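Peer 1: I have a structure here, written as structure tokens, and I will follow up with some questions on it.
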Amino acid sequence: MRSKILIFRSKSATFGAAILLFWIFVALAAPILSPYAPNKTVASRLEPPSKEHWLGTDYLGRDVMSRLIWGTRTVMTLAPLATFLGVLGGISLGLISGYSGGMVDMFIMRSCDILLSFPSLLIYILIISTLGPSALIMVVSVAVGAIPRVTRITRSLVLKERSQDYVSAARLRGERRWYILVREILPNVSGPIITDACIRVGYAVIAIGSLGFLGLGLPPPTPDWGGMINEGRTWIFHMPWMVVAPAIALSSVVVALNMLSDGLKEAAQQR
């Protein structure tokens, strides 16, 4: 409880949390807030902003504001889910690697080194190009890219903790390995992992936006901020709002997550 209070003493963390809550609200209330159906042609193509269409219309005559609102669901659902899967996989491998040592540790870490030798975007493209673009494949590809980095962080934390007295006491009590890892070590290394996870959600947001921009995101006509930027770039000098609006939305989520991460770091240092 005290750490939660300390988080909200940070202005940056409070501001970041407020931005995230705003976008979460938009995602949940999309059917109510959206003035039009996101995929419906409602006016002439490439209309400028007006009272009826605050952000104008796109090249198919769809309301840009409505697509921006519905696109919030893509980001606020897929990015946290991909991060959760990546962090879960990385924590599991990091705990096993750091606690076991020996050949197990070497095998896991060399596998992570191989994955880290490739750019993350290349891994995403290889997976999606092989399995086809869909929400599930996009989540899996982003999660796979996060696993080796979370594994390395978790392993380094476990290496510091496994020689502590409370771990030795658990071994003397005859506790099983999984009990020691999950009930003894994990709670003591969770702080830095949670902080890193907040930053990693921001990476996932950027990754999903980048994949949408490259045409490897959700299949059309599903609203997607990255896809909207890609669709509007042809008319960026004549209809800049088609690109600027989703770009600002995407950036605001990333900035908010970084602010929240800074607040978590400050809370951890003051505990």
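Peer 1: For Gly209, state whether it is assigned to a helix (DSSP H, G or I), touching a Gly at 6+ places or on another chain (Cβ under 8 Å), within 30 Å of Ser129 (Cα to Cα) and of a type in the set (Gly, Ala, Ser).
Peer 2: yes
For (1) closer than 30 Å to Leu260 by Cα; (2) of a type in the set (Lys, Arg); (3) in contact with a His (Cβ under 7 Å, 6 or more places away or on another chain), each residue gets a yes or a no:
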{"position": "Cys112", "(1), (2), (3)": "yes, no, no"}
{"position": "Leu126", "(1), (2), (3)": "no, no, no"}
{"position": "Thr130", "(1), (2), (3)": "no, no, no"}
{"position": "Ala143", "(1), (2), (3)": "yes, no, no"}
{"position": "Arg173", "(1), (2), (3)": "no, yes, no"}
{"position": "Ile185", "(1), (2), (3)": "yes, no, no"}
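A quick yes/no check of all residues on (1) closer than 23 Å to Ser92 by Cβ; (2) open to solvent by less than 40 Å² (accessible area, probe 1.4 Å):
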{"site": "Leu186", "(1), (2)": "yes, no"}
{"site": "Ala204", "(1), (2)": "yes, yes"}
{"site": "Gly209", "(1), (2)": "no, yes"}
{"site": "Gly212", "(1), (2)": "no, yes"}
{"site": "Gly226", "(1), (2)": "no, yes"}
{"site": "Met239", "(1), (2)": "no, yes"}
{"site": "Ala249", "(1), (2)": "no, yes"}
{"site": "Asp262", "(1), (2)": "no, no"}
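Peer 1: Okay, moving on. Looking at region 70-92 only, could you name the residues that are within 17 Å of Val254 (Cα to Cα) and not hydroxyl-bearing (Ser, Thr, Tyr)? Break it down stepwise before answering.
Peer 2: As a first pass, look at region 70-92 and keep what is within 17 Å of Val254 (Cα to Cα): 71-84.
Matches in region 70-92: Gly71, Arg73, Val75, Met76, Leu78, Ala79, Pro80, Leu81, Ala82, Phe84.
Peer 1: May I pose another question? Could you list all residues from region 36-85 that are of a type in the set (Val, Ile, Thr) and not in a loop (DSSP other than H, G, I, E, B)? Reasoning before the result, please.
Peer 2: In the first step, residues of region 36-85 are kept if they are of a type in the set (Val, Ile, Thr); the result is 41-42, 57, 64, 69, 72, 74-75, 77, 83.
Those that are of a type in the set (Val, Ile, Thr) and not in a loop (DSSP other than H, G, I, E, B): Thr41, Thr57, Val64, Ile69, Thr72, Thr74, Val75, Thr77, Thr83.
Peer 1: Which condition from (1) under 18 Å from the mean Cα position of the chain (by Cα); (2) open to solvent by 20 Å² or more (accessible area, probe 1.4 Å) is the one that Ile193 breaks?
Peer 2: Here Ile193 clears every test but (2).
Peer 1: Continuing with this model, one more query. Does Arg67 satisfy the criteria of being under 30 Å from Thr41 (Cα atoms), open to solvent by less than 30 Å² (accessible area, probe 1.4 Å) and either within 22 Å of the chain's Cα centre (by Cα) or at pLDDT 90 or above (or both)? Explain how you work it out, then say what you get.
Peer 2: On the way: under 30 Å from Thr41 (Cα atoms): yes; open to solvent by less than 30 Å² (accessible area, probe 1.4 Å): yes; either within 22 Å of the chain's Cα centre (by Cα) or at pLDDT 90 or above (or both): yes.
Answer is yes for this residue.
Peer 1: Moving on to the next point. Could you check, for region 244-257, whether at least one of its residues is in contact with a helix residue (DSSP H, G or I) (Cβ under 6 Å, 6 or more places away or on another chain), more than 17 Å from Thr57 (Cα to Cα), in a loop (DSSP other than H, G, I, E, B) and in contact (Cβ under 8 Å) with a residue 60 or more places away in the chain?
Peer 2: Taking every residue of region 244-257 in turn, none turns out to be in contact with a helix residue (DSSP H, G or I) (Cβ under 6 Å, 6 or more places away or on another chain), more than 17 Å from Thr57 (Cα to Cα), in a loop (DSSP other than H, G, I, E, B) and in contact (Cβ under 8 Å) with a residue 60 or more places away in the chain.
Peer 1: Mind checking whether some residue in region 99-112 is more than 23 Å from Ile208 (Cα to Cα), surrounded by 19 or more Cβ atoms within 10 Å (Cβ to Cβ) and not aliphatic (A, V, I, L, M)?
Peer 2: Yes: region 99-112 contains one or more residues that are more than 23 Å from Ile208 (Cα to Cα), surrounded by 19 or more Cβ atoms within 10 Å (Cβ to Cβ) and not aliphatic (A, V, I, L, M).
Peer 1: Just give me the residues in region 147-158 being in contact with a helix residue (DSSP H, G or I) (Cβ under 7 Å, 6 or more places away or on another chain) and either surrounded by fewer than 16 Cβ atoms within 10 Å (Cβ to Cβ) or at pLDDT below 90 (or both), in sequence order.
Peer 2: Residues satisfying the conditions do not exist here.
Peer 1: Going through region 159-182 one residue at a time, which ones are acidic (Asp, Glu), more than 33 Å from the chain's Cα centre (by Cα) and surrounded by 13 or more Cβ atoms within 10 Å (Cβ to Cβ)?
Peer 2: Step one: of region 159-182, the residues acidic (Asp, Glu) are 161, 165, 175.
With the extra rule that they be more than 33 Å from the chain's Cα centre (by Cα), the set shrinks to 165, 175.
Answer for region 159-182, where residues must be acidic (Asp, Glu), more than 33 Å from the chain's Cα centre (by Cα) and surrounded by 13 or more Cβ atoms within 10 Å (Cβ to Cβ): just Glu175.
Peer 1: Taking into account only those residues within region 39-64 that are acidic (Asp, Glu) and buried (at least 16 other Cβ atoms within 10 Å of the Cβ), which is farthest from Pro240 (Cα to Cα)?
Peer 2: Filtering region 39-64 down to residues acidic (Asp, Glu) leaves 47, 52, 58, 63.
Those left that are additionally buried (at least 16 other Cβ atoms within 10 Å of the Cβ): 47, 58, 63.
Working: Glu47: 12, Asp58: 11, Asp63: 15 Å.
Looking at residues that are acidic (Asp, Glu) and buried (at least 16 other Cβ atoms within 10 Å of the Cβ), I get Asp63.
Peer 1: Quick one: count up the residues across region 95-115 that are more than 14 Å from Ser156 (Cβ to Cβ) and among the hydroxyl-bearing types (Ser, Thr, Tyr).
Peer 2: Number satisfying all stated conditions: 2.
The values are calculated or read from the model by the stated rules, or taken from the named source; none is laboratory data. Because the structure is a prediction, the values reported are computed rather than measured. We place every Cβ from the backbone using ideal geometry, glycine too, and count neighbours over all the protein chains shown. Heavy atoms of the whole protein, side chains included, go into the accessibility calculation; ligands, DNA and RNA do not. Shrake-Rupley method; radii C 1.70, N 1.55, O 1.52, S 1.80 Å.
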